[in-house]
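Colleague: Can you keep this structure in mind? I'll have questions shortly.
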Amino acid sequence: MELVIDVIQNLAYVYEEVFWLKEILLIVQSLVVFGLVWWFLTLKHKYTLLISLSAFLGGICTIFGDFGYWNDNDVLKYIAPSSLYFIGNKDKERKNDILLFAFLCPFFVISYEPYRSISIAALSILSHVLIYFFIFMARKRICLSTGISIFIGLLYNYIGNIASPGTNDNLVNPMLITLFMKGIDSYTKNDNYTLFLQYLWIVLLCFAYFGNWIFYSVSDYYDMFPCLW
């Protein structure tokens, strides 16, 4: 009987909060959000609807994140597919840029909390200046863009695992990075950083759906070979 219970638990739980059924439900929910975004684009008041959806998602993710119900990968599941869609679909009139801002701005305003303390605000400025410096270096270089994107994804998830809820959004905020770089492209009417943003959100999408398993495998490796660390 104990063996049967162990088998069922192993099928249900991977570790701690990583729960197969929870993961499946979150994937379904993220598909629903993407479906809503797609549907809103066909309606008359699409900008208002996207802003409302973004504010709702930002508020819900912040509240449930503080309660410990959602982790950072869960939050990325909701915004990564739509963000990648807006960045990946170029248009001459740059309407997708406005749609991207409408989708991400309210979410960013709610999730970004540098006013927690002076030290957090200072670290936030420093970390994002360094990130922007490396992005300016990468520009349209595929290998460098991919490497920096992976580093940002790892940093975002690692800080989310070791620090209090919301700290990673202050120190490594994908929405702020996206809005700033896309804002430069929109202002200059060039696409110098669009390629980088595409790779960034592809990487973040991978972390959203596979990040839990990656960190679980790493922790397992650490437990098996502690002498190597």
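The values are calculated or read from the model by the stated rules, or taken from the named source; none is laboratory data. Keep in mind that this is a model prediction, so the values were computed, not measured. All Cβ positions, glycine included, derive from the backbone under ideal geometry; neighbour counts span all protein chains shown.
Colleague: Please determine, by comparing only the residues of segment 46-86 that are under 19 Å from Val172 (Cα atoms) and in a loop (DSSP other than H, G, I, E, B), which one is nearest to the chain's Cα centre (by Cα).
Modeller: Among those that are under 19 Å from Val172 (Cα atoms) and in a loop (DSSP other than H, G, I, E, B), it is Asn71.
Colleague: Taking Lys140 and the conditions (1) buried (at least 18 other Cβ atoms within 10 Å of the Cβ); (2) outside any helix (DSSP H, G or I); (3) among the charged types (D, E, K, R), which numbered condition does it fall short on, given that it satisfies the others?
Modeller: So the condition that Lys140 fails would be (1).
Colleague: What's the number of the only condition in (1) part of a helix (DSSP H, G or I); (2) surrounded by fewer than 20 Cβ atoms within 10 Å (Cβ to Cβ); (3) not aromatic (Phe, Trp, Tyr) that Leu43 fails to meet?
Modeller: Result: Leu43 passes all but (1).
Colleague: Give the residue, chosen from Ser82, Ser117, that is surrounded by fewer than 17 Cβ atoms within 10 Å (Cβ to Cβ) and small (Gly, Ala, Ser). Walk me through how you get there before you give the answer.
Modeller: On the way: Ser82 fails: surrounded by fewer than 17 Cβ atoms within 10 Å (Cβ to Cβ).
It is Ser117.
Colleague: Let me ask something additional. Considering only segment 149-157, I want to know if a residue exists there that is out of contact with any strand residue (DSSP E or B) (no Cβ under 9 Å at 6 or more places or on another chain), assigned to a loop (DSSP other than H, G, I, E, B) and polar (S, T, N, Q).
Modeller: Taking segment 149-157 as the starting set, the residues that turn out to be out of contact with any strand residue (DSSP E or B) (no Cβ under 9 Å at 6 or more places or on another chain) are 149-157.
Next, from what is left, pick out any that are assigned to a loop (DSSP other than H, G, I, E, B): none.
For segment 149-157, residues out of contact with any strand residue (DSSP E or B) (no Cβ under 9 Å at 6 or more places or on another chain), assigned to a loop (DSSP other than H, G, I, E, B) and polar (S, T, N, Q): absent.
Colleague: Further, regarding this structure: Give me the pairs, please: first residue somewhere in segment 49-71 and of a type in the set (Asp, Glu), second residue anywhere and surrounded by 15 or more Cβ atoms within 10 Å (Cβ to Cβ), beta-carbon distance under 6 Å, and either six or more positions apart or on two chains.
Modeller: Final answer for the pair search is Asp66/Pro165.
Colleague: Next up: Which numbered condition trips up Ser164, out of (1) over 16 Å from Leu179 (Cα atoms); (2) in a helix (DSSP H, G or I)?
Modeller: Among (1) over 16 Å from Leu179 (Cα atoms); (2) in a helix (DSSP H, G or I), Ser164 violates only (2).
Colleague: Just one of (1) at pLDDT below 90; (2) in a helix (DSSP H, G or I) trips up Asp91, so point out which.
Modeller: The single condition Asp91 does not satisfy is (2).
Colleague: Which of the following residues is more than 15 Å from the chain's Cα centre (by Cα), among the β-branched types (Val, Ile, Thr) and more than 15 Å from Trp201 (Cα to Cα): Ile118, Ile135? Show your work before the answer.
Modeller: Numbers: Ile135 fails: more than 15 Å from Trp201 (Cα to Cα).
Every option except Ile118 fails the conditions.
Colleague: Quick one: in segment 156-189, which of the residues that are at pLDDT below 90 and charged (D, E, K, R) is farthest from Phe101 (Cα to Cα)?
Modeller: Applying the filter and picking the extreme gives Asp169.
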